[in-house]
Amino acid sequence: MHIKDRTFVISGGASGLGLATVKDLHSRGGYVAILDLNAENGQKVVAELGTHAKFFEVDVSEPSSVAAAVSALVPWLKETGKPIGAVIPAAGVGMPGKLIDRHNEPIPLESLEFVLNINLRGVLDLIRLCLPHMTKTTPTEPDGERGVIVMVSSSAAYDGQPGQVAYAASKGAVRSMTLVLARDLAQYGIRAVSIAPSYFESNMTAQMSEKVRKSLEKVFEFPRRAGRGEDFAGMVRHCIENSMLNGECIRLDGATRMPSRL
Ligand SMILES: NC(=O)c1ccc[n+]([C@@H]2O[C@H](COP(=O)([O-])OP(=O)(O)OC[C@H]3O[C@@H](n4cnc5c(N)ncnc54)[C@H](O)[C@@H]3O)[C@@H](O)[C@H]2O)c1
């Protein structure tokens, strides 16, 4: 799938890995639809990028909000005449917590739902609602390709750390869904890939203490540093451009395997 003159729908596009992806695709002639909860950041990004970028406020955990955002996106697609090239549902949250705490209290169900509704249901919901606007386009690519779904899993899908039960469940689900989506969408010429980053610099990880960050760096193989937005965006770009990549979850972690304790 080529990037120029295609629209890329990116949730969580106002910060971190989503934002790096927005900037990279925009700089290569792509149109970017930034869907995010944070309207202030989203508007700021659009103002910086200038043309070919539009912000849509959304809470991906609220079905009515996702439906409204996609409904608002459709007229923009018509106005620009640039069909969707990829959906990149990158909005995600981590809320650490063990199922049972040291006082023998089970975790509140709301904590689990908060993570699952954003990282899993929100991902499925956005893809689901974008698909009808991808399946009917006239294929102009070699192999009759119509588009790509590039999802964001995590190293937690493979070696989740203590307290990551909900996060690992959501990211493991994304990993598991990849092949099924590739199989289900093959008839439309739509591919599905996911990327599993380890520890990347972003707002999410900026909340970690210096001590945790240093301990993480000690378990890195090579390179011995946190991943950067551009490392992630480069992989998204490759997933979009390389038509043979399909049905696979790709680890992006410099061979790091997260231990149980840091
Ligand atoms: N940073 C890492 O180390 C790392 C590692 C593995 C996976 N990931 C995944 O990468 C993705 C991006 O994370 P990041 O690190 O860039 O975090 P980030 O906090 O910098 O960005 C996340 C973005 O998602 C938006 N968002 C949060 N909840 C939302 C909601 N309900 N509806 C719409 N938007 C919402 C936020 O406003 C923010 O702009 C997430 O799915 C995360 O789980 C990150």
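The values are calculated or read from the model by the stated rules, or taken from the named source; none is laboratory data. Please read these numbers as outputs of a predicted model, since none were measured by experiment. Note that we place each Cβ from the backbone using ideal geometry, even for glycine, and neighbour counts take in every protein chain shown. Side chains included, ligands, DNA and RNA excluded: accessible areas come from the protein's heavy atoms. Shrake-Rupley method; radii C 1.70, N 1.55, O 1.52, S 1.80 Å.
Of all residues in segment 145-188 being more than 16 Å from the chain's Cα centre (by Cα) and among the small types (G, A, S), which is surrounded by the fewest Cβ atoms within 10 Å (Cβ to Cβ)?
By that ranking, first place goes to A186.
Taking segment 35-64 as the region of interest, how many residues are within 9 Å of the ligand (Cβ to nearest atom) and either open to solvent by 30 Å² or more (accessible area, probe 1.4 Å) or in contact with a helix residue (DSSP H, G or I) (Cβ under 6 Å, 6 or more places away or on another chain) (or both)?
11
From the list N117, N104, which residue is out of contact with any Phe, Trp or Tyr (no Cβ under 6 Å at 6 or more places or on another chain), at pLDDT 95 or above and on the phi > 0 side of the Ramachandran plot?
Going through N117, N104 in turn, just one is out of contact with any Phe, Trp or Tyr (no Cβ under 6 Å at 6 or more places or on another chain), at pLDDT 95 or above and on the phi > 0 side of the Ramachandran plot: N104.
If T137 satisfies every condition in (1) touching a residue at least 24 places away in the same chain (Cβ under 8 Å); (2) among the β-branched types (V, I, T); (3) not in a loop (DSSP other than H, G, I, E, B) but one, which is the exception?
Evaluating T137 over (1) touching a residue at least 24 places away in the same chain (Cβ under 8 Å); (2) among the β-branched types (V, I, T); (3) not in a loop (DSSP other than H, G, I, E, B) leaves (3) as the failure.
Could you tell me which numbered condition W76 fails, if it satisfies all but one of (1) open to solvent by less than 30 Å² (accessible area, probe 1.4 Å); (2) within 14 Å of the ligand (Cβ to nearest atom); (3) among the hydrophobic types (A, V, I, L, M, F, W, C)?
Looking at each condition in turn, W76 falls short on (2).
Can you name the number of the only condition in (1) touching a residue at least 12 places away in the same chain (Cβ under 8 Å); (2) part of a loop (DSSP other than H, G, I, E, B) that C130 fails?
Of everything listed in (1) touching a residue at least 12 places away in the same chain (Cβ under 8 Å); (2) part of a loop (DSSP other than H, G, I, E, B), C130 misses just condition (2).
Of all residues in segment 6-20 being within 10 Å of the chain's Cα centre (by Cα) and near the ligand (Cβ under 8 Å from one of its atoms), which is most open to solvent (accessible area, probe 1.4 Å)?
Checked segment 6-20; the qualifying residue most open to solvent (accessible area, probe 1.4 Å) is L17.
Being more than 11 Å from the ligand (Cβ to nearest atom) and on the phi > 0 side of the Ramachandran plot is the requirement here; does G189 meet it?
When the stated conditions are applied, G189 passes them.
With respect to the numbered conditions (1) more than 14 Å from the ligand (Cβ to nearest atom); (2) among the charged types (D, E, K, R); (3) under 30 Å from D143 (Cβ atoms), which one is the sole condition not fulfilled by E105?
Every condition holds for E105 apart from (3).
Give V66, V93, V70 a once-over and let me know the one that is touching a Cys at 6+ places or on another chain (Cβ under 8 Å) and in contact (Cβ under 8 Å) with a residue 60 or more places away in the chain.
The conditions single out V70.
Does segment 88-101 hold any residues that are outside any loop (DSSP other than H, G, I, E, B) and surrounded by 13 or more Cβ atoms within 10 Å (Cβ to Cβ), and which are they?
The answer is I88, P89, G97.
Quick one: would you say G85 is near the ligand (Cβ under 9 Å from one of its atoms) and either in a helix (DSSP H, G or I) or small (G, A, S) (or both)?
no
Of the residues that sit in segment 193-228 and are hydrophobic (A, V, I, L, M, F, W, C) and away from the ligand (no atom under 14 Å from the Cβ), which one is least open to solvent (accessible area, probe 1.4 Å)?
Restricting to residues being hydrophobic (A, V, I, L, M, F, W, C) and away from the ligand (no atom under 14 Å from the Cβ), the top hit is V193.
Can you work out which of the residues in segment 108-144 that are among the basic types (K, R) and away from the ligand (no atom under 14 Å from the Cβ) is surrounded by the fewest Cβ atoms within 10 Å (Cβ to Cβ)?
Of everything passing the filter in segment 108-144, K136 is surrounded by the fewest Cβ atoms within 10 Å (Cβ to Cβ).
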